[in-house]
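These notes concern the structure reproduced below.
The values are calculated or read from the model by the stated rules, or taken from the named source; none is laboratory data. This is a predicted model, so every value here is computed, not measured. In case anyone asks, the SASA skips ligands and DNA or RNA and just uses the protein heavy atoms, side chains included. Shrake-Rupley method; radii C 1.70, N 1.55, O 1.52, S 1.80 Å.
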Amino acid sequence: MDRLPTIRWSGYRFRFETIRFIEDDVEVESVLLPLAMFEDLIKDKSRFRSQVLEQILKGEYQPSPEEMGSIKLFVWLQSNSISSLLQSENSE
């Protein structure tokens, strides 16, 4: 995303961090986001054309194989949440 509306994101805390993978001798600059903030970013409807958004919200959307993963995640998040997925995996 190229912009984050200030008011909407004011309650979230995130941090920048350098992660070093010793076994591969690689350093990665990263941003650690809370799950709720990540879900809000993915659920942002403003990035879709109205026709596609309408199909998604009606449950009529059929993703194509070349469709971006973020769109598939947006569709999945309409009736699921990442935190509930993590909770169900941890309880097994």
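Among residues of region 61-79 being more than 16 Å from Lys45 (Cα to Cα) and open to solvent by 60 Å² or more (accessible area, probe 1.4 Å), the one that is modelled with the highest pLDDT is Gln62. The residue of region 27-50 that is modelled with the lowest pLDDT, among those that are of a type in the set (Ser, Thr, Tyr) and assigned to a helix (DSSP H, G or I), is Ser46. Given the criteria open to solvent by less than 90 Å² (accessible area, probe 1.4 Å), modelled with pLDDT of 80 or more, in a helix (DSSP H, G or I) and closer than 25 Å to Gly11 by Cα, does Leu53 qualify? Here the answer is no, as Leu53 does not meet what is asked.
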